[in-house]
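**Student:** Take a look at this one; I'll ask things after.
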Amino acid sequence: MSVENTRKLLADYYGAFNRRDWPTFLGLLTDDIIHDVNQGGREIGKDAFNAFMDKMNRSYSEEIADIVINVNTDGSRAAVEFLVLGKYLKTDEGLPEANGQTYTLPAGAFFDIRDGKVARVTNYYNLNDWLKQVGA
């Protein structure tokens, strides 16, 4: 895959996320997508990814902004830096109580690209920064 095609794929990925267009978003993933959860475990498969997104969407409303996409020379890997503009809607298990707190969180993600789709995504943000922002 070319650098340009990978950039477009990831721009489409974050565009679908921001529109909350989950069918398009999930359609950009391989069936065996690997999802490395920030400070969590590894999940494999589109069903697991969809379940994760359902859980996240119950507790958080987020938009991705200030996106910078970096791609290796053959388009097979990428790193993306961005800001998460969020609102904590419903208490997530094991985390502080939600009461509509807003947050702006620098974050990043690393991707493997295969056959024109996202085959792995590893997200990273500073959990302690988020906890501080929501008043923990």
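The values are calculated or read from the model by the stated rules, or taken from the named source; none is laboratory data. All values derive from a computational prediction rather than experimental measurement. Every residue, glycine as well, gets a Cβ built from its backbone with ideal geometry; the counts of neighbours run over all protein chains shown. Each accessible area value is taken on the protein alone, full model and side chains, heavy atoms only, with ligands, DNA and RNA left out. Shrake-Rupley method; radii C 1.70, N 1.55, O 1.52, S 1.80 Å.
**Student:** Quick one: how many lysine pairs does the chain have with C-alpha atoms less than 26 Å apart and a gap of 8 or more or different chains? Give me the count, please.
**Tutor:** 12
**Student:** Ok, one more. Return the tail of the calculated pair distribution for the chain, meaning the percent of Cα-Cα pairs more than 28 Å apart.
**Tutor:** That tail contains 15 percent of the Cα-Cα pairs.
**Student:** Moving on to the next point. How many Å² of accessible area per residue for the stretch 21-84, probe 1.4 Å?
**Tutor:** Dividing the accessible area of the stretch 21-84 by its residue count gives 53 Å².
**Student:** Ordered by residue, what ³J(HN,Hα) values in Hz, to whole numbers, does the stretch 72-84 give under the Karplus form 6.51 cos²θ - 1.76 cosθ + 1.60, where θ = phi - 60° and Gly and Pro are x?
**Tutor:** The phi angles translate into 6, 5, 9, x, 8, 9, 8, 10, 10, 10, 6, 10, 9 Hz.
**Student:** So what's the back-of-envelope 222 nm ellipticity for the chain, counting only DSSP H runs of four-plus at -39500 (n - 2.57) apiece and dividing by all residues, rounded to 500?
**Tutor:** Here the helix-only value at 222 nm equals -10000 deg cm²/dmol.
**Student:** Further, regarding this structure: Dipole size in debye (nearest 20) for the chain around its Cα centre, Lys and Arg Cβ +1, Asp and Glu Cβ -1?
**Tutor:** Charge dipole of the chain: 140 debye, to the nearest 20.
**Student:** Of all the accessible heavy-atom surface of the chain, with the other protein chains kept in place and a 1.4 Å probe, what percent is carbon and sulfur?
**Tutor:** 50 percent
**Student:** For a quick check of your reading of the filter: which trypsin sites (Lys or Arg not before Pro) in the stretch 1-95 sit in a DSSP loop and have no more than 15 other Cβ atoms within 10 Å?
**Tutor:** Counting only loop positions with at most 15 other Cβ atoms within 10 Å, the trypsin sites (Lys or Arg not before Pro) in the stretch 1-95 are R20, K90.
**Student:** Taking H placed 1.01 Å from N in the peptide plane, check which residues at least 5 places from I113 or on another chain put their amide H under 5 Å from its amide H.
**Tutor:** Excluding prolines and chain starts, which carry no amide H, the hits are R77, A119.
**Student:** Give a residue-ordered list of calculated ³J(HN,Hα) values for the stretch 54-62 (Karplus: 6.51 cos²θ - 1.76 cosθ + 1.60, θ = phi - 60°; whole Hz; x for Gly, Pro).
**Tutor:** Karplus values, whole Hz, x for Gly and Pro: 4, 4, 4, 5, 6, 9, 9, 10, 10.
**Student:** Still on this structure: Pairs of alpha-carbon atoms within less than 8 angstrom and 6+ residues apart define the contacts here; what relative contact order does the chain have, in percent?
**Tutor:** Answer for the chain is 26 percent.
**Student:** Going by alpha carbons, how many degrees (0 to 90, nearest 10) lie between the helix axis of 3-19 and the longest principal axis of the chain?
**Tutor:** Between helix and principal axis, roughly 30 degrees.
**Student:** I would also like to ask the following. Report the extension gain between E43 and L127 in nm, rounded to one decimal, defined as 0.36 nm multiplied by the number of residues separating them, less their alpha carbon distance.
**Tutor:** 28.3 nm
**Student:** Let me have the relative contact order for the stretch 82-123, percent, based on Cα pairs under 8 Å that are six or more residues apart.
**Tutor:** After rounding, I find 33 percent.
**Student:** Take the alpha carbon gyration tensor of the stretch 1-68, find the square roots of its eigenvalues, order them as a ≥ b ≥ c, and report rounded if a/c is under 1.5; if not, report prolate when a/b exceeds b/c, else oblate.
**Tutor:** Taking the square roots of the gyration eigenvalues as a ≥ b ≥ c, the stretch 1-68 is oblate.
**Student:** Could I ask something else about it? Could you work out how far apart the two model spin labels at E93 and M1 are, taking each label as a point 7 Å from the Cα in the direction of the beta carbon, and quote it in nm?
**Tutor:** 3.2 nm
**Student:** In addition: Sort E93, E81 by accessible area with a 1.4 Å probe, largest first.
**Tutor:** Per-residue accessible area, sorted high to low, gives E93, E81.
**Student:** Subtract the Cα-Cα distance of D31 and L105 from 0.36 nm times their separation in residues, and report this length gain in nm to one decimal.
**Tutor:** Answer, rounded to one decimal: 23.7 nm.
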